[in-house]
Structures are given as C-alpha cells and as structure tokens.
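All of the numbers you see were taken from the coordinates with simple rules; none came from a lab. Keep in mind that this is a model prediction, so the values were computed, not measured. Glycine also receives a Cβ, built like all others from the backbone with ideal geometry; neighbour counts cover every protein chain displayed.
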Amino acid sequence: MASALLIGSDEVFEVRKIFCIGRNYADHAKEMNAAVPEAPIFFLKPTTAIIGNGGTILKPAISNDLHHEVEMTVLIGRGGKHIQKGDALNHVAGYGIGLDMTLRDVQSEAKKKGLPWTLAKGFDTSAPLSPFVPASQIQDPHNLGVRLDVNGVTKQSSNTKNFIFRIEDLISYISQFVTFESGDVIYTGTPDGVAQTGPGDNLEAQLLSPANTVLASLNVKVQ
C-alpha cells in the first residue's frame, strides 16, 4: 500500500483513496474548451498510481500523448462523512504538490465515446506525489504558488487563490457521497499550461509560499 509522508513528522499515512478534481482553474477549463463547472467534478485514481521523489513515470504503449498536470495536493488526517465547510480544514493534515499524469489521446477518445477516464488517468505511475508540509505551518492554503518546470523551463505557474472551488468546498462536497478516511489524498486541479511530455524529460513541481519559498517539491523523470 502506498504511503504519504508528513515533513518533520515520524507519522506515516497509508493512502486509501486518491480524489482528483477536474476543471478547478478557469484558465485550464478555457484551454480545454470546457465549461466552468457549477459543482466540483471529481474522479479516482488507484493508490498504485503513486510514485515519490526520484520516481519514474512509465507511459503505457497505448498512448502517444502523455500530458503533465501539476496540482496542489491535500492530505486528509481525520476522516468523516457529511463534513461541514466550516470544519473542513480541521480534517487536513498537510499540503503538498503532485502531478496528475494524463494520456490525453486516450482520454479524448473516451470522451467521444462517453466512456470513463480510468485508463487515461489511473495507470501505474500516473500520480507522482511529494511529501506534505503540515497544515499547521500553512497560514492560508488559498495563497500558495503552484509551479512545474520541465527540463528547467517553467511550463505551468499559478496560485491556489485562483481555485474555482476552495478546499473546504471540495472536502464538504465529496464527503456528501464518499466517506473520507485518514490518508486520503485530494489532487485539487491543474492550472493552464498542460502539455505533452516524453522520454527523458525531467519534471520538477513545487508548492510555494507567498514569499516564494519552496514548501514542498517533487522531482520525477519520464521514461
């Protein structure tokens, strides 16, 4: 079973579920020619999709169009059902950075046929995940930088203040339908700038403080 690490703590969280949010930045919805949603859109990845720092992303042979999507991640420390917005952040153990790797051609074909996205989004190594900075060290999770460099060149850069749905909205909404457990992870959606990546590329993702200090980082390669 995959585990999540909390920076500065000996506590290890067993990851149980991975929730991924779609279209949580208006600019990304625009670049995908998709409407801004009226309620959060979420899907699941299996825990076998997780790799950590220094890991390698393996593209399945069925795809010729692997895309990177950088996202702030949220580690659930205390589970619950029907969580109220006002209490939602009390369920968070930490914040990190991750990549929602996507087989764009496979996803596009599934969309055309009205089929699920599981293959495009849930293949092994599709969820690179950094260690988490404790929530107690984050004054405002809605004012953090999210950045991805590919081979040293910045490809995606935004701020969590640009979320369409705030973290408390996501937790409260999802918990109406699916019970959160300690160790669950939420990928909060990607900003614009998603693009193709391929063999030999080095992907460095960072979660940044308002002062541009690196809070959490992730470095993986594509094979």
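Kirkwood hydrodynamic radius computed over the chain comes to 17.2 Å, based on all pairs of distinct alpha carbons. Residues whose amide H comes within less than 5 Å of that of E181, counting only those at least five positions distant or on another chain, are G80 (H built at 1.01 Å from N in the peptide plane).
Loop-located chymotrypsin sites (Phe, Trp or Tyr not before Pro) in the range 163-209 (DSSP state not H, G, I, E or B) with no more than 13 neighbouring Cβ atoms inside 10 Å: F177.
The lysines whose alpha-carbon is closer than 23 Å to the alpha-carbon of K161, local same-chain residues fewer than 8 away aside, are K30, K85. Paramagnetic label reach from E31 (point 7 Å along Cα→Cβ; backbone nitrogen cut-off under 17 Å): within the range 41-83, residues 65-72. With θ taken as phi - 60° and the Karplus curve 6.51 cos²θ - 1.76 cosθ + 1.60 applied, the whole-hertz 3J(HN,Hα) list for the range 91-103 is 8, 8, 8, x, 10, x, 9, x, 10, 9, 6, 9, 7 Hz, x standing for glycine and proline.
The alpha carbon convex hull volume per residue for the range 1-86 rounds to 170 Å³.
Given their separation in residues at 0.36 nm each and the Cα-Cα distance between them, K161 and S209 gain 16.1 nm when the chain is fully extended.
Does a label point 7 Å from the Cα of I41, set along Cα-to-beta-carbon, have any residues of the range 107-138 with amide nitrogen under 15 Å, and which are they? Within reach of a label on I41: 107-118, 120-121.
Listing M32, M101 from fewest to most neighbouring C-beta atoms within 10 Å gives M32, M101.
Loop sites only, by DSSP: take the GluC sites (Glu not before Pro) in the chain that have at most 15 other C-beta atoms within 10 Å and name the longest stretch containing none of them. In short, 39-180.
Straight Cα distances below 18 angstrom link K121 to the aspartates and glutamates D65, E69, E71, D100, D105, E109, D184, D192, with same-chain residues fewer than 8 positions distant left out. Express the relative contact order of the range 1-158 as a whole percentage, based on alpha carbon pairs under 8 Å and six or more residues apart in sequence. The normalised contact order for the range 1-158 reaches 25 percent.
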